[in-house]
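The values are calculated or read from the model by the stated rules, or taken from the named source; none is laboratory data. Bear in mind that the values here come from a model prediction, so they are computed numbers and not experimental data. Don't worry about glycine lacking a Cβ; one is built from the backbone with ideal geometry, like all the others, and counts go over all protein chains shown.
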Amino acid sequence: MNKIVSSSKLVLMLILAGVISTSCNKSTKPDAITPGKNSTTTNLEYSEEVSEDGLFVVNDFKGQPEGPNLVYIEGGRTVLGSFEEDVMNTRDNIERTVTVASFYMDETEIANIHWLEYMHYVKKDSSEEFFLSTIPDTTVWAGKLAFNDPYVDHYLRYPGFRYFPVVGVTWLQANDYCKWRTAAVNKVLAEEAGIELPEGGGRIPLESGAVLPDYRLPTEAEWEYAAQALIGKQYLDESQTEKRLYPWDGHALRNPYGAEMGNFLANFKRGRGDYGGIAGKLNDGAFITEYIYNYPPNDYGLYNMAGNVSEWVLDVYRPLSFQDVDDLNPVRRDGFLDEENKGANSSYDPSFTIISNKARVYKGGSWQDVAYWLSPGTRRFLEEDSCTSTIGFRCAMIRAGTNY
């Protein structure tokens, strides 16, 4: 009996030794976070900082820093496109299978308080001309046959609207905000890491490992993928049994569960002249826009991916993008393969059509839209220098240093 026990102990010790040996072997392999002290191809020594010995500098790296308000979106294969009846008969988003790499997206829409912060620092640090270009067009609320004057005067600046989505911003203005936000966030990260900022406000080197990639508008594919949030529909091995018409389960617009049962899941126009219900039971609670954290988030943790405001995305609009763009990280940056030209043989002659290289896609329904536009597969477009009271935006960012 003792011999059997001793043999068992010996086998167990050998197994543990093998496991430890294997784990040790794995730990000795260099990677981005633990590159080692010497090059694996030359055996030359690395340095952790610039010095007189002229060694190659490999900065400390702990992975991509967390960006404020960003949520990680795990990428993967999905089917993009509108799979319900095309009531507008546009046929501009036919179903197709694509793969979208992992990325980050803002948890919420950019709010008035965020835009006012932007304007504050631009006024301090930039020219008067550029500051004036950052001011949203508050007249988007005005109507000849509607008394929306209070929104024209108060929506952007009155403290009560601080955490309502900013509107009246063009695609161009949204892109400028992304650039400023990148610089502002990276300045804080660099200071925390003890990195000396470049003179004249230049770019902080990415090699430092302490700063983030650029904030930007999401591509249309990223936005649609994030809105679907099909990570919540995963069963067994790579099996998604159904798509989603909206960013939540089912075909209903009301919450079917618990204390919130019967409440609408998004801020949208319920019918002709019905923006929020009746007094005493204001069901969706909003005649115009709403608090950016209202309504349940989707399975990625993103708020208001349907309703509240539609959102600018990066892409130039073309009806046939679905058949032209790549099936890995698709995006349309310009009119490539579907050009804008003048002349009788052109599909997009600026003299005769509103589709041009300045037409930008916006996604998601708004407070002023009926439920049809809440579906992630629907798409519309507007000139990049135009704005409305129904379009806002949120930012996205790549997940750097990974292959998925």
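So that you can scan it fast, the table gives a plain yes or no per residue for (1) assigned to a helix (DSSP H, G or I); (2) in contact with a helix residue (DSSP H, G or I) (Cβ under 9 Å, 6 or more places away or on another chain); (3) modelled with pLDDT of 90 or more; (4) farther than 18 Å from Val313 by Cβ:
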residue	(1), (2), (3), (4)
Val211	no, yes, yes, yes
Asp214	no, yes, yes, no
Pro218	no, yes, yes, no
Glu224	yes, no, yes, no
Gly232	yes, no, no, yes
Leu245	no, yes, yes, yes
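Considering only residues that are surrounded by fewer than 17 Cβ atoms within 10 Å (Cβ to Cβ) and at pLDDT below 90, which ones fall in the stretch 67-93?
Phe83, Glu84, Glu85, Asp86, Val87, Met88, Asn89, Thr90, Arg91
Quick test of your reading of the structure: Tyr46 fulfils all but one of (1) exposed (fewer than 12 other Cβ atoms within 10 Å of the Cβ); (2) at pLDDT 85 or above. Name the failing condition by number.
(1)
Results for (1) within 17 Å of Asp315 (Cβ to Cβ); (2) at pLDDT below 95, shown as yes or no for each residue.
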site: Asp338; (1), (2): yes, yes
site: Lys342; (1), (2): no, yes
site: Ser347; (1), (2): no, yes
site: Ser351; (1), (2): no, yes
site: Ser356; (1), (2): yes, yes
site: Val361; (1), (2): yes, no
site: Trp367; (1), (2): no, no
site: Tyr372; (1), (2): no, yes
site: Phe381; (1), (2): yes, no
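Do you know which of the residues in the stretch 201-230 that are in contact with a Gly (Cβ under 8 Å, 6 or more places away or on another chain) and aliphatic (A, V, I, L, M) is nearest to Val100 (Cα to Cα)?
Ala227
Please tell me if Leu189 is in a helix (DSSP H, G or I), closer than 30 Å to Ile33 by Cα and either without any contact (Cβ under 8 Å) to a residue 12 or more places away in the chain or in contact with a Pro (Cβ under 8 Å, 6 or more places away or on another chain) (or both).
Here the answer is yes, as Leu189 does meet what is asked.
Sort through Tyr300, Tyr293, Tyr257, Tyr275 and tell me the only one that's surrounded by fewer than 21 Cβ atoms within 10 Å (Cβ to Cβ), under 28 Å from Tyr104 (Cα atoms), in the same structural domain as Asp349 (by TED's automatic domain parsing) and out of contact with any Leu (no Cβ under 9 Å at 6 or more places or on another chain).
Checking each option against the conditions leaves just Tyr293.
Residue by residue through the stretch 19-31, note down the ones that are modelled with pLDDT of 55 or more and either in a helix (DSSP H, G or I) or closer than 19 Å to Leu55 by Cβ (or both).
If the condition is that a residue be modelled with pLDDT of 55 or more and either in a helix (DSSP H, G or I) or closer than 19 Å to Leu55 by Cβ (or both), then Ser27, Pro30 are the ones that fit.
Quick check on the stretch 132-148: of everything there that is in contact (Cβ under 8 Å) with a residue 40 or more places away in the chain and part of a helix (DSSP H, G or I), which residue is farthest from Ile391 (Cα to Cα)?
My answer is Ser133.
One line per residue, one yes/no per condition, for (1) assigned to a helix (DSSP H, G or I); (2) surrounded by 14 or more Cβ atoms within 10 Å (Cβ to Cβ):
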{"position": "Tyr104", "(1), (2)": "no, yes"}
{"position": "Val122", "(1), (2)": "yes, yes"}
{"position": "Pro150", "(1), (2)": "yes, no"}
{"position": "Gly160", "(1), (2)": "yes, no"}
{"position": "Tyr163", "(1), (2)": "no, yes"}
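Taking the condition of being free of Cβ contacts under 8 Å to residues at least 60 places away in the same chain and assigned to a loop (DSSP other than H, G, I, E, B), how many residues in the stretch 271-288 meet it? Let's see the steps before the verdict.
Looking only at the stretch 271-288, we keep the residues that are free of Cβ contacts under 8 Å to residues at least 60 places away in the same chain, and these are 272-274, 276-285.
Keeping just the survivors that are assigned to a loop (DSSP other than H, G, I, E, B) gives 272-273, 276-277, 279-280, 282-285.
The qualifying residues number 10.
Please specify each residue of the stretch 125-148 satisfying the condition of being among the hydroxyl-bearing types (Ser, Thr, Tyr) and buried (at least 17 other Cβ atoms within 10 Å of the Cβ).
Thr134, Thr138
List the pairs whose first member sits in the stretch 244-260 and is in contact (Cβ under 8 Å) with a residue 40 or more places away in the chain and closer than 16 Å to Trp373 by Cα, whose second member is among the polar types (S, T, N, Q) and not in a loop (DSSP other than H, G, I, E, B), and whose Cβ atoms are under 9 Å apart, counting only residues at least 6 apart or on separate chains?
Arg244/Gln228; Pro247/Gln228
Considering each of Glu117, Glu129 in turn, give the residue that is within 29 Å of Glu222 (Cβ to Cβ), out of contact with any strand residue (DSSP E or B) (no Cβ under 9 Å at 6 or more places or on another chain) and without any contact (Cβ under 8 Å) to a residue 24 or more places away in the chain.
Glu117
Only one residue in Ala286, Ala229 is surrounded by 13 or more Cβ atoms within 10 Å (Cβ to Cβ) and closer than 18 Å to Ser375 by Cα. Which one?
Every option except Ala229 fails the conditions.
Taking Ile113, is it in a loop (DSSP other than H, G, I, E, B), surrounded by fewer than 18 Cβ atoms within 10 Å (Cβ to Cβ), modelled with pLDDT of 90 or more and not hydroxyl-bearing (Ser, Thr, Tyr)?
The answer is no for Ile113.
Could you please find all residues in the stretch 165-181 being among the small types (Gly, Ala, Ser) and either surrounded by 24 or more Cβ atoms within 10 Å (Cβ to Cβ) or part of a helix (DSSP H, G or I) (or both)? Give the steps one after another, and end with the answer.
Start the filter on the stretch 165-181 by keeping residues that are among the small types (Gly, Ala, Ser), which leaves 168, 174.
Correct list: Ala174 only.
Inside the stretch 148-181, can you point out the residues that are within 21 Å of Asn304 (Cα to Cα) and β-branched (Val, Ile, Thr)?
The answer is Val166, Val167, Val169, Thr170.
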